[in-house]
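Novice: Sharing a structure below in C-alpha cells format, with a few things to ask.
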C-alpha cells in the first residue's frame, strides 16, 4: 500500500514525465511513439510489487533506463524502417509535438539521427544529449562501457561526415577568427550569421561544472548560449588557438584555461560547436609547458571530436 511519506510534489512528477518524453523523443523522433514508450514505462513501474518498488532508490533513473531499453528495442523493429521511409524530411513525426523539443530538433537533425544504427543512436543520445552515466548507457544498450563509448564516437563521426564539406584551412581559420571576434564584441547578430541555421552546440561539463546538459540547436539559440557563456569579465580572455589541428577558441579565466571550443565548418558556416568545460579534460591544457602547443582536447567519450 502506498504510504503518505511516498508522496511526490506535482512539479517533480511533471518534470520526471517530461524528461522521459524527451529521452524517448530524441531516441525515436516521434511524439506518438514517445508517448507510447512512456505509457509502457509507467505500466512496468506499477507492475512491480511494493517491496520491489521500495528497493528502487532512484525512481527517475530506473524509469529512464526502462524507457531507454524500450526505445532501443523499438528502433530495431522492421516496421520502423517502413515508417521512417514514409515520413521524409518534410513530414517527419517530430512536427507532431509542439513546444521546446520541436524548436530544438530540426528535421535535418532527426534525419541525420535516423541514419545511425539503433545502438549508435542510443549511445549518442543517452551520452551526448542526456549525459547519462556510462554504466547506465551500457545497461540500456546492453554492451560494455568501452563498446558504448566507441558507438557514440562512431555516431559523432557519422553525423559530422553528413554535415561536413571540404573546407580549406585558410577558410576555416578565417571563420574561426570571425567567430572569436563576434564573441569578443558580444555581437549576437554577427555571430548568428556565421552559424548554419541548423547548427548544434554540445556542452561537455562532465558533471563537474553546471554546464548545459542538452545540446542547443539553431543559430540564434547557439549564438545566445555562447555569448552568455562568454560574457566579458575583467579576468576572462578569449583567443583563437589550434584545437585538434584546426583553429578553435580557447577561454582563459585568471590565466587558466576554462573552456576549449572546437568548430565543425561546412562551407561558409559553422555546422557544429563542441564546448569542453570539463575540468578533468582541461587539466593538460593547464600544465606547465609550451602554451602554443596544447594537447588534443577530447569529448565525452574520451576521444577527439571528429576523430
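Novice: For region 263-274, name all the residues that are in contact with a helix residue (DSSP H, G or I) (Cβ under 7 Å, 6 or more places away or on another chain) and modelled with pLDDT under 85.
Specialist: Filtering region 263-274 down to residues in contact with a helix residue (DSSP H, G or I) (Cβ under 7 Å, 6 or more places away or on another chain) leaves 263-266, 269-273.
Selection gives 266 alone.
Novice: Determine whether region 35-55 contains at least one residue that is in contact (Cβ under 8 Å) with a residue 24 or more places away in the chain and closer than 24 Å to residue 111 by Cα. Steps first, please.
Specialist: Of region 35-55, the ones in contact (Cβ under 8 Å) with a residue 24 or more places away in the chain are 37-38, 40-41, 50.
Within this subset, residues satisfying the condition of being closer than 24 Å to residue 111 by Cα are 37-38.
Yes, the conditions are met somewhere in region 35-55.
Novice: Next up: Read through the list (1) closer than 18 Å to residue 180 by Cα; (2) touching a strand residue (DSSP E or B) at 6+ places or on another chain (Cβ under 7 Å); (3) at pLDDT below 85, then give the number of the only condition that residue 196 fails.
Specialist: Residue 196 satisfies every listed condition except (3).
Novice: Within region 212-231, track down each residue that is closer than 26 Å to residue 283 by Cβ and at pLDDT 80 or above.
Specialist: Quick first cut of region 212-231, residues closer than 26 Å to residue 283 by Cβ only: 212-216, 225-226, 228-231.
Once the filter is applied, which keeps residues that are closer than 26 Å to residue 283 by Cβ and at pLDDT 80 or above, region 212-231 yields 212, 215, 216, 225, 226, 228, 229, 230, 231.
Novice: Also: State which residue is modelled with the lowest pLDDT when the search covers only region 113-147 and only residues that are assigned to a loop (DSSP other than H, G, I, E, B) and within 16 Å of the chain's Cα centre (by Cα). Can you show your working first?
Specialist: We begin by selecting, within region 113-147, every residue assigned to a loop (DSSP other than H, G, I, E, B); these are 115-117, 130-133, 142-144.
Now drop any that are not within 16 Å of the chain's Cα centre (by Cα), which leaves 116, 130-133.
Numbers: 116: 85, 130: 83, 131: 80, 132: 85, 133: 85.
Filtering region 113-147 for residues that are assigned to a loop (DSSP other than H, G, I, E, B) and within 16 Å of the chain's Cα centre (by Cα), the one modelled with the lowest pLDDT comes out as 131.
Novice: Just a yes or no: is a residue in region 276-290 at pLDDT 70 or above, in the same structural domain as residue 243 (by TED's automatic domain parsing) and assigned to a strand (DSSP E or B)?
Specialist: yes
The values are calculated or read from the model by the stated rules, or taken from the named source; none is laboratory data. Predicted model only: the values in this text are computed from it and were never measured. As a convention, Cβ positions derive from the backbone with ideal geometry for all residues, glycine included, and neighbour counts pool all protein chains shown.
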